[in-house]
1. If we keep just the residues of segment 67-76 that are under 13 Å from Leu141 (Cα atoms) and either out of contact with any strand residue (DSSP E or B) (no Cβ under 8 Å at 6 or more places or on another chain) or charged (D, E, K, R) (or both), which is surrounded by the most Cβ atoms within 10 Å (Cβ to Cβ)?
2. For a quick check of your reading of the model, give me the residue pairs whose first member lies in segment 11-23 and is on the phi < 0 side of the Ramachandran plot, whose second is among the basic types (Lys, Arg) and in a helix (DSSP H, G or I), with beta-carbon atoms closer than 9 Å and at least 6 apart or on different chains.
3. Find the residue count for segment 103-145, including only residues that are farther than 19 Å from Gly76 by Cα and of a type in the set (Ser, Thr, Tyr).
4. Is segment 78-89 home to any residue that is assigned to a loop (DSSP other than H, G, I, E, B) and either in contact with a helix residue (DSSP H, G or I) (Cβ under 8 Å, 6 or more places away or on another chain) or modelled with pLDDT of 95 or more (or both)?
5. When segment 9-24 is examined, which residues are found to be surrounded by 16 or more Cβ atoms within 10 Å (Cβ to Cβ) and at pLDDT below 95?
6. List every residue pair whose Cβ atoms lie under 8 Å apart, where the two residues are 6 or more positions apart in sequence or sit on different chains, the first residue falls within segment 80-105 and is closer than 24 Å to Ala6 by Cβ and of a type in the set (Asp, Glu), and the second residue, located anywhere, is in a loop (DSSP other than H, G, I, E, B) and at pLDDT 95 or above.
7. Which of the residues that make up segment 122-145 are aliphatic (A, V, I, L, M), free of Cβ contacts under 8 Å to residues at least 40 places away in the same chain and within 14 Å of Leu108 (Cα to Cα)?
Amino acid sequence: MTYLSAPPDVHVTGRRVVATIVDGLIFGVVNSFLSAAFGTEKASSGFNLTTLSFTGSLWLLVIVVLYYTLLEGTTGRTVGKMVTGIRVVDAQTGRAPGLLSAFVRTLLRLIDGIFAYLVGFLVVINSGSRRRLGDMAAKTLVVRA
């Protein structure tokens, strides 16, 4: 006997927006710490640390990529997604997408994130399964948890 399961609830666009804001706030806090560590303050010897601010930006980039890749790849959820009750799943299996798919989703945030995620938002609201470019490339869905 075959049991049909209900299709996943992908109508979570508002929750996705809030989750992105929550994750962005976390990155703002991380950036504040990195700015303090690698910022433009002058050391007591008068040495200007402005050249180290680029290093802080690189660290932030690494942290952001690891945050999304590790959390979404293994659990399907970032802190923002946990707060809003959504998760990322593999479109075929319904399980956490895995590290490679999460990495693909994360890389395509460069395109989806253009104009403060306006590109991603427009793609999501115009796609039948509410997927942004990163979801399409990684074959994932964002669903209610």
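1. Checked segment 67-76; the qualifying residue surrounded by the most Cβ atoms within 10 Å (Cβ to Cβ) is Glu72.
2. These pairs meet every condition: Arg15/Lys81; Arg16/Lys81; Ala19/Lys81; Val22/Lys81; Asp23/Lys81.
3. The total comes to 2.
4. yes
5. Result: Val10, single match.
6. Going by the 8 Å Cβ cut-off, the qualifying pairs are Asp90/Ala96; Asp90/Pro97; Asp90/Gly98; Asp90/Lys139.
7. Of everything in segment 122-145, those that are aliphatic (A, V, I, L, M), free of Cβ contacts under 8 Å to residues at least 40 places away in the same chain and within 14 Å of Leu108 (Cα to Cα) turn out to be Val123, Leu133, Met136, Ala137.
One line per residue, one yes/no per condition, for (1) among the hydrophobic types (A, V, I, L, M, F, W, C); (2) under 13 Å from Thr20 (Cβ atoms); (3) not in a helix (DSSP H, G or I):
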| site | (1), (2), (3) |
| --- | --- |
| Gly76 | no, no, yes |
| Gln92 | no, no, yes |
| Leu100 | yes, no, no |
| Gly120 | no, yes, no |
| Val124 | yes, yes, no |
| Arg131 | no, no, yes |
| Asp135 | no, no, no |
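The values are calculated or read from the model by the stated rules, or taken from the named source; none is laboratory data. Given the structure is predicted, the values throughout are model-derived calculations rather than measurements. Backbone-built Cβ (ideal geometry, glycine too); neighbour counts: all protein chains shown.
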